[in-house]
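Novice: Below you will find the structure I want to go over with you.
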Amino acid sequence: MPKKQGVFEKLKIDLRVGLFLAKRELQRANKWTTTLIVFVMLLTFLNLVVVSGILVGLIQGSLDQNKKFSSGDVIISSFLNRDKVDNSQEVIKIVENLPGLRAYSARYTAGGSLQAGYRDVLLKDEKPNSVAGQVSGIDPQKENGVTNLSSLIVEGAYLEPTDTESIVVGSFWFRKYNKNEFPGLTTFNEDVKIGSRLLLTINGASKEYTLKGILKSKVSEVDGGMFILDSEFRKLAGRSDYNLNQIAISLKPGTDPVIAKKALLASGVDKDGRVQTSEEAIPQFLDQIKTTFGLLGNAISAIGLVVAAITIFIVIFVNAITRRRYIGILKGIGIAPRAIIISYILQSLLYALIGAIVGSILVFAFLKPFFDANPIDFPFSDGILVATVSGTSIRVAILLLATIVAGYIPARIVIRQNTLSAILGR
Amino acid sequence: MIKINNLSKIFQSGDAEIRAVDNVSFSIPEGQFVAITGRSGSGKSTLLYQLGLLDRPTAGEIFLDNLNATELSDNDQTRMRLHSLGYIFQDYAILPSLTALENVMVPLLMQGLEEKEAKEKSIKALSRVGLSDRMHNLPSQLSGGQQQRVSIARAIGHEPKIIFADEPTANLDSETSKNVLDAFLELNKEGQTIVMVTHEPEYSALAHRIIELRDGKIVSDEMNK
């Protein structure tokens, strides 16, 4: 018998023979069967990527909107045990010199109430026509530069820098836009419209404003907010120290918020307030939902993966069982079992790879752009499809790994049968 | 070249024991053309499967070039089949999804030859059996005789030390059978050792030596006059 080959040389030969056999098998296989298997792999891939991508996308859409219409890329806010950002005007100077800055908005915030029909005499036990929420004092132009609030106006108009007598209110406070009926919810009566006079009270001080516009988004800070000019807020709330509550920062495209945050920290801003990227500033419940949906998506993907593995297993097993004689002949003429197994693994890998490639094209060329342009309309977010190249690559790798195992096991089972029995069909 | 000592193959059928090959011993020197004959059920094919290392005997030893093949692992037996043995089956046993050329190429690739070299050798082997014009045909596009010639080309392509042929003409007409046997004689003339199972006296008469089996035992072992 000839000298035994080295491990790598033998593996190289087994791979070459496996590839030779797999290539011919695939070339001469029934085209419809191959198409069907590839289609199953495509659906599996879509199940892996799209289902979890949409689940995560529901929350991601909410986070994106929170960033777009509220927090900006980076937000500086008061410490949890402090009312305001200390030395706000110094902080503003640092922000203005921040590399990559596109725009910023300085905000004053406080709890307040807004009352309509406050001159009317209330009957006994009649509830006042008022709501209570967060009031923000803003520079409308600067705020628009960061959050583009004016684009969210659904009725009336956005604030102008000279609108000292106007207020813009979120849609949450209007029955027309908020159909919720949960106990304790207070909204304005139907008679409050654009042009209505409303009494705003902050820290016991009140002033009358005209309702200029109604904002509607899917961000609670906007929908539940009330917005007046910053100069008005300072006067009404007695904020003569000019210390702010929030500074929302928008960065130029391509600027990393983490680097911007580091630059702010390096400038000592963290002594005066909390610096957070939009990711860090997301409400805790959204963060928890994101984690839960991520887990749910992974669980659904895992089930899809098992189904795909079983499909491949069945396909390869049926193929190997029906070709038992073929395998027997190969072994009979001296083809190494490993080369035969490799040929089956390569066949199943190719099915999965074609499914994954077609699936990736579908996801990145069609589905993702489609969902970006036409988000799914959910009550709390505009759901998008979250699919990153790195995340998808990991899922492709998992799919291929599952395919290798699913191709190997049935081929191995059939290979282990007695060579002569396989040849003679016993 | 081949030495067999006390070889037995026993099958169990319920409580009954069937001795398909019963304590057989003989040896075959290099270059000999041996015909194993006998009636149906005499154990000649079973003996050939043991000699060709396609099955393991119940007892006894098979020495191929002084190497005790019965002691080899399954993988080593597969390697021995690849490098030293060629097998021709009664029903050709060629791979249906491979062309004639590819059928012959597979063992050569497994031996480690590059594709180009394997192809050249395969074309030579197919030409020797007169199939150079059908080498790109699939088995389904070939007649029985042509398929058997592919099987012969595959058996000789990797230049084995011994060729085992199990009733190679059983499914062929007399004209095609003659062509196949002519090919064997030509190979043998070049020094190829051949062990052929046949129940046709006319064909066994072409061999140097005829071993006749009955009930798994050798009843005669004679050189052909």
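The values are calculated or read from the model by the stated rules, or taken from the named source; none is laboratory data. No experiment lies behind these values; they were computed from the predicted model shown. Cβ placement follows ideal geometry from the backbone for every residue including glycine, while neighbour counts extend to all protein chains displayed.
Novice: Somewhere in segment A:177-199, is a residue in a strand (DSSP E or B), over 31 Å from the mean Cα position of the chain (by Cα) and of a type in the set (D, E, K, R)? Let's see the steps before the verdict.
Specialist: The first filter runs over segment A:177-199 and keeps only residues in a strand (DSSP E or B), leaving A:188, A:197-199.
Filter once more, so that each one left must be over 31 Å from the mean Cα position of the chain (by Cα): A:188, A:197-199.
Subset that is of a type in the set (D, E, K, R): A:197.
Yes, because at least one residue in segment A:177-199 is in a strand (DSSP E or B), over 31 Å from the mean Cα position of the chain (by Cα) and of a type in the set (D, E, K, R).
Novice: Looking only at segment B:7-57, count how many residues are surrounded by fewer than 16 Cβ atoms within 10 Å (Cβ to Cβ), within 14 Å of another protein chain (Cβ to nearest Cβ) and touching a residue at least 40 places away in the same chain (Cβ under 8 Å).
Specialist: 0
Novice: Looking for whichever is under 15 Å from A:LEU346 (Cβ atoms), assigned by TED's automatic domain parsing to the domain that holds A:THR291 and within 31 Å of the chain's Cα centre (by Cα) here; the options are A:VAL17, A:VAL49, A:VAL38, A:VAL56. Which one fits? Show your work before the answer.
Specialist: Values: A:VAL17 fails: within 31 Å of the chain's Cα centre (by Cα); A:VAL49 fails: under 15 Å from A:LEU346 (Cβ atoms); A:VAL56 fails: under 15 Å from A:LEU346 (Cβ atoms).
Criteria check complete, one pass: A:VAL38.
Novice: To continue, here is another question. Which of the following residues is under 25 Å from A:PRO337 (Cβ atoms), of a type outside the set (Gly, Ala, Ser) and modelled with pLDDT of 90 or more: B:ASN6, B:ASN68, B:ASN75?
Specialist: Details: B:ASN6 fails: under 25 Å from A:PRO337 (Cβ atoms); B:ASN75 fails: modelled with pLDDT of 90 or more.
None of the others qualify; the one that does is B:ASN68.
Novice: Answer yes if at least one residue in segment A:290-300 is more than 23 Å from A:THR388 (Cα to Cα), free of Cβ contacts under 8 Å to residues at least 12 places away in the same chain, out of contact with any helix residue (DSSP H, G or I) (no Cβ under 6 Å at 6 or more places or on another chain) and not hydrophobic (A, V, I, L, M, F, W, C), and no otherwise.
Specialist: no
Novice: Still on this structure, I have one more. Evaluate segment A:158-168: report whether one residue or more is without any contact (Cβ under 8 Å) to a residue 12 or more places away in the chain, part of a loop (DSSP other than H, G, I, E, B) and assigned by TED's automatic domain parsing to the domain that holds A:GLN246. Steps first, answer last, please.
Specialist: If we filter segment A:158-168 for residues that are without any contact (Cβ under 8 Å) to a residue 12 or more places away in the chain, which is where we start, we get A:162.
Next, only the ones that are part of a loop (DSSP other than H, G, I, E, B) stay: A:162.
Cutting the leftovers down to assigned by TED's automatic domain parsing to the domain that holds A:GLN246 gives us A:162.
Checked against the condition, which is being without any contact (Cβ under 8 Å) to a residue 12 or more places away in the chain, part of a loop (DSSP other than H, G, I, E, B) and assigned by TED's automatic domain parsing to the domain that holds A:GLN246, segment A:158-168 yields at least one hit.
Novice: Which numbered condition in (1) within 24 Å of B:GLY52 (Cα to Cα); (2) part of a helix (DSSP H, G or I) is the only one that A:ILE335 fails?
Specialist: (2) is the only condition that A:ILE335 fails.
Novice: Let me ask another. Looking only at segment B:91-127, count every residue that is facing chain A (nearest Cβ under 10 Å), surrounded by fewer than 24 Cβ atoms within 10 Å (Cβ to Cβ) and among the polar types (S, T, N, Q) and tell me the total.
Specialist: Going through segment B:91-127 one residue at a time, the tally reaches 3.
Residue by residue, here is whether (1) crowded, with 17+ Cβ neighbours inside 10 Å; (2) of a type in the set (D, E, K, R); (3) within 24 Å of A:ALA106 (Cβ to Cβ) holds:
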residue	(1), (2), (3)
A:ASN189	no, no, no
A:SER196	no, no, no
A:GLY213	yes, no, yes
A:SER217	yes, no, yes
A:VAL222	yes, no, yes
A:SER240	no, no, yes
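Novice: Further, regarding this structure: Quick one: which residue in B:GLU190, B:GLU167, B:GLU159 is without any contact (Cβ under 8 Å) to a residue 24 or more places away in the chain and under 25 Å from B:GLN50 (Cα atoms)? First the steps, then the outcome.
Specialist: Numbers: B:GLU190 fails: under 25 Å from B:GLN50 (Cα atoms); B:GLU167 fails: without any contact (Cβ under 8 Å) to a residue 24 or more places away in the chain.
Sole residue among the options that is without any contact (Cβ under 8 Å) to a residue 24 or more places away in the chain and under 25 Å from B:GLN50 (Cα atoms): B:GLU159.
Novice: Okay, moving on. Which members of segment B:51-87 meet the condition of being touching a strand residue (DSSP E or B) at 6+ places or on another chain (Cβ under 7 Å) and among the β-branched types (Val, Ile, Thr)?
Specialist: B:THR58, B:ILE62, B:THR70
Novice: When only residues in segment B:65-81 that are within 8 Å of another protein chain (Cβ to nearest Cβ) and among the hydrophobic types (A, V, I, L, M, F, W, C) count, which is farthest from B:ASP221 (Cα to Cα)?
Specialist: Per the criteria, the residue is B:MET80.
Novice: Search segment A:365-421 for residues being assigned to a helix (DSSP H, G or I) and aromatic (Phe, Trp, Tyr), and hand back the single one that is nearest to B:TYR49 (Cα to Cα).
Specialist: We begin by selecting, within segment A:365-421, every residue assigned to a helix (DSSP H, G or I); these are A:365-373, A:389-415, A:419-421.
Filter again for aromatic (Phe, Trp, Tyr), leaving A:366, A:370-371, A:408.
Values: A:PHE366: 59, A:PHE370: 64, A:PHE371: 65, A:TYR408: 29 Å.
Result: A:TYR408.
Residues are listed down the side, and each one gets a yes or a no for (1) more than 14 Å from chain B (Cβ to nearest Cβ); (2) over 15 Å from A:ALA422 (Cα atoms); (3) crowded, with 18+ Cβ neighbours inside 10 Å:
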{"site": "A:ALA308", "(1), (2), (3)": "yes, yes, yes"}
{"site": "A:THR311", "(1), (2), (3)": "yes, yes, yes"}
{"site": "A:THR322", "(1), (2), (3)": "no, no, no"}
{"site": "A:GLY334", "(1), (2), (3)": "no, no, yes"}
{"site": "A:LEU362", "(1), (2), (3)": "yes, yes, no"}
{"site": "A:PRO369", "(1), (2), (3)": "yes, yes, no"}
{"site": "A:PHE378", "(1), (2), (3)": "yes, yes, no"}
{"site": "A:ILE384", "(1), (2), (3)": "yes, yes, yes"}
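Novice: For segment A:394-420, which positions are more than 19 Å from A:PHE313 (Cβ to Cβ) and either within 14 Å of chain B (Cβ to nearest Cβ) or in contact with a Pro (Cβ under 9 Å, 6 or more places away or on another chain) (or both)?
Specialist: If the condition is that a residue be more than 19 Å from A:PHE313 (Cβ to Cβ) and either within 14 Å of chain B (Cβ to nearest Cβ) or in contact with a Pro (Cβ under 9 Å, 6 or more places away or on another chain) (or both), then A:ASN418, A:THR419, A:LEU420 are the ones that fit.
Novice: What are the residues in segment A:15-74 that are of a type in the set (Lys, Arg) and within 24 Å of A:PHE378 (Cβ to Cβ), if any?
Specialist: Initially, segment A:15-74 is screened for residues of a type in the set (Lys, Arg), giving A:16, A:23-24, A:28, A:31, A:67-68.
Those that are of a type in the set (Lys, Arg) and within 24 Å of A:PHE378 (Cβ to Cβ): A:LYS67, A:LYS68.
Novice: Something else about it: Given the conditions (1) in the same structural domain as A:LEU199 (by TED's automatic domain parsing); (2) farther than 25 Å from A:ASN189 by Cα; (3) surrounded by 15 or more Cβ atoms within 10 Å (Cβ to Cβ), and given that A:PRO99 satisfies all but one, which numbered condition is not satisfied?
Specialist: (3)
Novice: Would you be able to say whether some residue in segment A:53-67 is modelled with pLDDT of 90 or more, out of contact with any Cys (no Cβ under 9 Å at 6 or more places or on another chain) and of a type outside the set (Lys, Arg)?
Specialist: No; the residues of segment A:53-67 include none that is modelled with pLDDT of 90 or more, out of contact with any Cys (no Cβ under 9 Å at 6 or more places or on another chain) and of a type outside the set (Lys, Arg).
Novice: Looking only at segment B:121-159, which residues are of a type in the set (Asp, Glu) and either within 18 Å of the chain's Cα centre (by Cα) or modelled with pLDDT of 95 or more (or both)? Walk me through how you get there before you give the answer.
Specialist: Quick first cut of segment B:121-159, residues of a type in the set (Asp, Glu) only: B:133, B:159.
Listed by number, the list holds a single entry, B:GLU159.
Novice: Any residue that is of a type outside the set (Ser, Thr, Tyr) and touching a Lys or Arg at 6+ places or on another chain (Cβ under 7 Å) - is there at least one of those in segment A:108-118? Full working, then the answer.
Specialist: Narrowing segment A:108-118 to residues of a type outside the set (Ser, Thr, Tyr): A:110-112, A:114-117.
Narrowing further to those that are touching a Lys or Arg at 6+ places or on another chain (Cβ under 7 Å): none.
So far as segment A:108-118 goes, no, none of its residues is of a type outside the set (Ser, Thr, Tyr) and touching a Lys or Arg at 6+ places or on another chain (Cβ under 7 Å).
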